[in-house]
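Since the structure comes first, as structure tokens, the remarks are kept for the end.
The values are calculated or read from the model by the stated rules, or taken from the named source; none is laboratory data. Just so it is clear, the model here is predicted, and its values are computed rather than measured. Virtual Cβ from ideal backbone geometry, glycine too; neighbours counted across all protein chains shown. We work out accessible area using only protein heavy atoms, side chains counted, and drop any ligands, DNA or RNA first. Shrake-Rupley method; radii C 1.70, N 1.55, O 1.52, S 1.80 Å.
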Amino acid sequence: KQTIIEPEPEPEPEPEPELKPDYLVLNIHARNGETLRGTKLFNSLEQNDLYYGENSVYHRHADVAGTGPIIFSVTNMVHPAHFPEGGSESFETPGIAFYLMLPCPGRPDYNFNQMLQTVQRVADELGADVLDHERAMITPHRINEYREKAKLYTRA
């Protein structure tokens, strides 16, 4: 009597892990216990295509004219995190935080690069430091980690 050997069933392919909503954060912090101030701060944000809007914070939109979906946002590092409407000469803060939500409209990797360039320009204009999400000085290694994370969402 012959035994028929059934072939092993093909294993089901592992489903791609679902990427949970997340975000990338870059901070700009004033040097030597100083503060980022009023008109100089707001002018720098606005000259870098950031628009004051929803939730009393600044936003970068898909279109540099300030229309279309929001790509990333800028908040005050200090509670309650918003900025005064119309700016204020007397406003000061030790720092500001840039947030890129994931997933986001468009290509997350391009959007992260755009946010990084904006952060570097604003920090240079204000004579401030760029910090990571843990508020430590940004390093090339950390920037690469953020880029890899953005790429995960680009492929999703």
The chain: relative contact order in percent, alpha carbon pairs under 8 Å with at least 6 residues between: 29
Residues of the chain: accessible area per residue with a 1.4 Å probe, Å²: 63
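Compute the longest continuous run of the chain that contains no exposed GluC sites (Glu not before Pro); treat a site as exposed when its DSSP state is not H, G, I, E or B and it has at most 14 other Cβ atoms within 10 Å.
35-84
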Helix runs (DSSP H) in the chain reaching 18 Å along axis by Cα, Kyte-Doolittle at least 0.5: none
Identified option (computed semi-axes √(5λ) of the Cα gyration tensor in Å; candidates [x] 43, 17, 12; [y] 25, 21, 12; [z] 30, 19, 15): [x]
Computed label-point distance, nm, for sites I4 and N32 using a 7 Å Cα→Cβ extension: 8.6
